[in-house]
Amino acid sequence: MWKSLIRTITPLSKTTNCLLSAETSIQQQLRTTFILKRRINPPLSKKGGPPKKLRTRNYLYELVKDTNCDKQANIDLILTSYVDGLGNVGDRVSVKSYQAYDQLLLPGLAVYATPENLEKYKDVEVKDMKVYSSSTALGVMQVLSKITLSVVMNKDSPWTIQPWHISASFRKCCYMVPEYAISIPEKPIKGPNLDIEGKEFYITVTINKTEQFKVRCRIHHWSTNIRERLPYEEGFWKVPGELLFPEDEEIAKAQSQNK
Amino acid sequence: MFSIVSKLRPNNSFFSLTKTFIPERNYAARKGTRERKQKKKTKKEVEVKAKFIPHNQRNKDALLAARPILKVDDSARPLPFDDVYIMKYYRWKVYPFHEAVESHRQTHHPDMYNEPNSHLLARIELNMQGEKATRFVEDFSRIAAIPHKFEHGDERAIIAFSKTASVRQEALDAGAQLAGGVDLIKQIQNGGVSLQNFQYIIAHPDILPELVPLRGVMKRRFPNPKMGTLAVDLTGVTERLLHGISYSAKKDEHEKDFGLVEAVVGTLDMDSRCLEENFAALVQDVYRMKPKREGTFISRCLLVSPPSSEKFKVDHELYIEVKDDNTQKDVEDDGEGERVAL
């Protein structure tokens, strides 16, 4: 208990302007409950008689539970604005405690689901409702729009990029994207051409035939002959590459902002 | 020795009378004798030098404990419900055989890897648990007969033994390198022919008594019906040994109940139907080694094709005949033609 008390009080003593904090930190809860069990039970006292004196051994305890290490229960919140993947204004949501504090309560996107707040947000007008085709569609969109898909094409035999090339490349990276969900740029991309090695272009993927988003692809030339293979670039996806079509610049900008 | 002493010193009769049993010599022992005896007395203390173990191998038990389990069970994961999804969060897709082959053909297309006639491998994962909890199925190597031949690239020389000339000729026609009878056995005993040059030894049961003296030379390669090398139909045996899929199931060194078979089923430029039939033959052959216990023997089948790292799971249950007593009787009534599980 003393440890946790010190933990809360020391920053107070150090910082003079504790008024800046939203709450006074002394009011923060201290989780100091330890559930204990007597190792040796005290002797039974006679009916109506005085309780028997406790011996030293009766003060030995075994730890049953340390509530400090307990898994925190979800927190019920009411959203005050639209949150991606969670819901719209007025929605009551149950979120993991850390996510609730860090991403919703602190930025002011939600409030606790107290009876007063429930009353307050009962009849809120819902504007611009975003509905996704499935609960996971947004997550997939977010992940896929961040990656750089390596499209490995042959260095020796001629090719023109087709949707099935992209689909196979996705599959190699453990993403299942069927051919019909992919639309490639209208301008044909032909090779082998070492001038376009490492250059990037954008394709459009459609999830469940509804949501569309762009995925960055990078061309890499691969030779069947080991000697002629280009050296592997460590962490190639971390370094932004040159664009194959200059008109894609807007998409690239929008994507880099989302990251 | 004492007699020699007395001969050398005949005038010492007084001493010899009083102290007859005291050995006495006034000459030095042979050179080096004392050192030799001293050496015998002192034991050699072998200094065991502490062997250097690299740091990453010191705590081997802990390393092994931290190793991922080879028996993959993804049944707890949900089935995908979007058409675009991230595979690691969902159960493995079970491909129809032709689709798995087609997917490999895509990556091996001249546009991409440019290896359209690469090998197609079947990776069969086995549950090597034996009949008892503490027993495991032993590692085994077999050759599975397949309906569609392909170039496997192994050298498989066969020597055939039979008393009848026609059987010998059949074996030679089927592709055996050498066939012979009693004369050939004698030649081997003389050293005229070496068995070292042959990978497989097959025999017709009629010559078995004459073949027994060669058991010591052949050792484990001695023809026996269990391995399928002792049979009446030598043509079939030769065909199987020459063109069949040679595979071996090996238990993992530390995970004893996990066995793995990796064998080439064909090449990607073959017809998918042929590949499927070869694969079915391999699965059925592996399944024959199933121990007599409850539960599954083959736990998972994957199709792989180098240089691609992709693995496609296929359903092996389609190719295994379930041997229930009821179904077997039904099948027997219907006739043999309908038992093919393809």
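The values are calculated or read from the model by the stated rules, or taken from the named source; none is laboratory data. Everything quoted here is computed from the prediction, not taken from an experiment. With ideal geometry, Cβ positions are generated from the backbone for all residues, glycine too; neighbour counts draw on all protein chains shown. Accessible surface areas use protein heavy atoms only, side chains included; no ligands, DNA or RNA. Shrake-Rupley method; radii C 1.70, N 1.55, O 1.52, S 1.80 Å.
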Crossing angle, helix A:2-14 versus chain A [Cα axis fit, 0-90 degrees, rounded to tens]: 70
Starting from the Cα of B:H98, step 7 Å along the direction of its Cβ; do the same at A:K120; then give the gap between the two resulting points in nm. 6.4
Determine which residues of segment A:68-82 fall in the zone a paramagnetic label at A:S94 would reach in this model, i.e. backbone nitrogen under 14 Å from the point 7 Å along Cα→Cβ. A:72-78
Using a Cα-Cα cut-off of under 25 Å, which lysines could be cross-linked to A:K47, ignoring same-chain neighbours fewer than 8 residues away? A:K37
Can you bin the protein assembly as shown into rounded, prolate or oblate? Criterion: square roots of the alpha carbon gyration tensor eigenvalues sorted a ≥ b ≥ c, rounded for a/c under 1.5, prolate for a/b above b/c, oblate for the rest. oblate
Would you give the gap between the C-alpha center of segment B:48-116 and the C-alpha center of segment A:69-119, rounded to a whole Å? 38
Rounded to a whole number, what % of the accessible area of chain A do carbon and sulfur atoms account for, probe 1.4 Å? 54
Subtracting the Cα-Cα distance from 0.36 nm times the residue separation, let me have the gained length for A:S134 to A:K146 in nm, one decimal. 2.3 nm
Tilt of helix A:249-258 relative to the longest C-alpha principal axis of chain A, in degrees (0 to 90, nearest 10)? 10
Relative packing of B:142-151, B:106-115, A:229-238, A:178-187, which averages over residues the other C-beta atoms within 10 Å, highest first: B:106-115, B:142-151, A:178-187, A:229-238
Cross-link pairs A:K71/A:K122; A:K172/A:K253; B:K226/B:K292; A:K71/B:K60; A:K96/A:K214; A:K155/B:K311 - those with Cα-Cα distance over 22 Å: A:K71/A:K122; A:K172/A:K253; A:K71/B:K60; A:K96/A:K214; A:K155/B:K311
Per residue, how much accessible area does chain B have with a 1.4 Å probe, in Å²? 66
Just subtract the alpha-carbon distance of A:S256 and A:R31 from 0.36 nm times their residue separation and send over the number in nm, one decimal. 76.8 nm
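Please report the buried accessible area for the interface of A with B, total over both chains, probe 1.4 Å, in Å² to the nearest 100.
The A and B chains share an interface burying roughly 2400 Å².
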Checking rank on A:242-254, A:38-50, B:240-252, with mean other Cβ inside 10 Å and highest first, the result is B:240-252, A:242-254, A:38-50
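DSSP H helices in chain B with Cα extent of 18 Å or more along the helix axis and mean Kyte-Doolittle hydropathy at least -1.0?
Span-like helices, by this rule, are B:272-287.
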Between A:R227 and A:C173, the two model label points (7 Å from Cα along the beta-carbon direction) sit apart by a distance in nm of 3.3
Kirkwood hydrodynamic radius for chain A: how many Å is it when counted over pairs of different Cα atoms? 24.9
Could you work out the mean count of beta carbons from other protein chains within 10 Å of each residue's beta carbon in B:111-122? 4
Viscosity 0.692 mPa s, 37 °C: Kirkwood-radius Stokes-Einstein D of segment A:75-120 over Cα pairs, µm²/s: 323
